[in-house]
1. Counting other Cβ atoms within 10 Å, which trypsin sites (Lys or Arg not before Pro) in the range B:87-129 have at most 14 and lie in a DSSP loop?
2. Dividing the Cα radius of gyration by the Kirkwood radius, what Rg/Rh value follows for the protein assembly as shown?
3. Once you order the gyration tensor axes a ≥ b ≥ c over the Cα atoms, which shape class does chain A get: rounded for a/c under 1.5, otherwise prolate or oblate by comparing a/b with b/c?
4. Tell me the label-point distance for the pair B:K10, A:A104, using the 7 Å Cα-to-Cβ offset, in nm and rounded to one decimal.
5. Please list, by residue number, every one of the chymotrypsin sites (Phe, Trp or Tyr not before Pro) in the range A:1-76 that is coil in DSSP and has at most 13 other beta-carbon atoms within 10 Å.
6. Using label points projected 7 Å from each Cα along Cα→Cβ, tell me how many nm separate B:N75 and A:I122, to one decimal.
7. Within 10 Å, count the other beta carbons around each residue, average over each peptide in B:343-356, A:90-103, and list them highest first.
8. Find the eigenvalues of the gyration tensor of the Cα atoms of the range A:65-132, then list the square roots of 5 times those eigenvalues as equivalent ellipsoid semi-axes, largest first, in whole angstrom.
Amino acid sequence: MYLPKLEQFHKYKEADEGVFGVFETPEAILHAAEKTKEKNYEGFDCLLPYPVHGIDEAMGTPRSGLPWVTFFAGLFGCTIGILFQYLTHAVDWPMNIAGKSLNAWFAYVPIIFELTVFSAGIYTVATLAYLCGIPKASRRILHKDFTSHKFGLWIPKTAKGYNESEVVSFIKGLGGQEVTVVKPENAQ
Amino acid sequence: MSLAQAVRDKLDIPDLVTGGRTLKDITVDIAKPNEDFPTKLWWNTFLLVLSITLIDVAIIGYLFYEGLYILGINNPVGWGFFVVNFVFWIGIGHAGTLISAVLFLFRQGWRTGINRAAEAMTIFAVLVAASNLILHVGRPWLGFWLFPYPNERGPLWVNFRSPLIWDTFAVSTYLSISLVFWYLGLIPDLATLRDRATETWRKNLYNVLAFGWVGSARAWSHLEIVAMILAALSTPLVLSVHTIVSFDFAVSILPGWHTTIFPPYFVAGAIFSGFAMVVTLMVIAREVFNLQNYITMKHLDNMNKIMMTTGLIVGLAYATEFFIAWYSGNEYEGFAFWNRAFGPYGWAYFIMISCNVLSPQVFWFRKLRYNIPVMFVASIVVNIGMWFERFVIMMTLNRDFLPSSWAMYTPTLFDYAMLIGTFGIFFTLFLLWCRIMPVIAIAEVKTVMPAKEGAHH
């Protein structure tokens, strides 16, 4: 049976200290991510201007678990839709309309559907915002081209076996340019 | 040359981004209208539509002060232009969601060039539609009565069996889900603008709007899944919203309205008019902002094909309505349709038929599908026709079961001003949006680039 795993809810981690390198092409970043995974630097990340296909496999991050949130939130909205309409129409304020059953549930279907979709959508997006760490008004921008046409490999200080000079030469060895050490004091 | 590109060349599949643009060129081209000072053309258009909007706002204020009697509504025709405008604008909104959601689920790469503008069109159209819905109740400050809320009037709840309440829920759900879908897609592009900004005020503005997006692969992986989930949720939502709008009519017992064809007929009409509006806007945007490399003739060709197909569906629906009116043997139903075509509002019926059924037939010819002036005129004609379709449906009310209660509906100047005002509000919002946010999804276009240097597939 397919069950949700905690790793599927991987979070974006704030960049405080570490090293990043700039790559020119999506192929280069895919290759770099694979090598970094092999090297087992925990919590490393890639910074991309657009979703590059295959980056999840290359980085070893599991598929997002957000569809689970959608499913349960949808179920919640659906239940609320059924209960709310039944309780108001048949229990709290019974109204006899043309001798129809008090629980004439066919007429409830449109609102049940809308509440299911609303709840599923809004809760999923709220969880997405939490996992991506947004909204945050000011965030350190490592390199201004990462949102335009260049690709970044980021290895944070918190990674196991982190050694600054080793990491710098590792990224350079992968073909990274402008390899930069980020420290809290040189924050932009 | 990669294998994928060889296959595309062999099959003669046109590129979705032409002109050999690189990743950087895409960013520069699309961000340009947001970074340059607006042109004289933009200012002139903006001031024109803004003045229409301001006049409309003043008229709405006068309407609140005087009451609904200044409009042309009367006893049999109790809804008038407001509901015509409401159904018209909500229909316009649907194409945006269809482009962003349905074409997304069908993996149609060509949507990336047009989805952003279409989604923005959805948001603004739904806002305009909702404002008409609220205005038509006459006392809009009591509009919150439409929502179920704990109140001090004993166990008093809204009637969940009423199509008006269904409408409230459907439209507000549609607006919120569309808004979220649109903004999620915008966040990475706003981050691009933030990182390109040179002036401090611009940097600060986009810093707030971009929510602190940096393009982390982990965040992208979640965002892509959510985009798919929202597309999957929006697809039935689009169908449900216009189905529910059609229930406003179909759940009644009025001849000409009480028909099971209404839901699919309304949905097809919505897609039809929505695509017509997208074509109108895209033709203008691509010329004004020089986006010919991203909104290619292939994009316009595809949209014209959809417009023609939905036009045929709408035509079939008109024919089916007439056929069933005759075939059912119901004389009231028969009269309602005879009255529709040959009654006092027959002229509106024939405007509708010629605009909606005849005009899209020009798109059978490839040459005309690729002709900008032809498609521009056709798209405007279709929109006029679709407005008249809703007018014709509404005018069914003017002759009901009792000849003693028959009356004509004559719109007053205020009705026309409100109609023009809706266009003013829509285009004001759209023009402002074009200045602040990218009209094309920068990140998404990069994923469908032709397989050359700098692309991944």
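1. B:R107
2. Value, to two decimals: 1.01.
3. It is prolate, given that a/c is not under 1.5 and a/b is the larger ratio.
4. Once both label points are built, they end up 6.2 nm from each other.
5. Here the sparse-neighbourhood loop sites are A:Y2.
6. Between B:N75 and A:I122, the simple spin-label model gives 4.3 nm.
7. B:343-356, A:90-103
8. 32, 9, 8
Values quoted throughout were computed directly from the atomic coordinates according to the rules given, and no laboratory measurement underlies them. In this text, all values refer to a predicted model and were calculated from it rather than measured experimentally. Please note: Cβ atoms are built from the backbone with ideal geometry, for glycine as well, and neighbour counts cover all protein chains shown.
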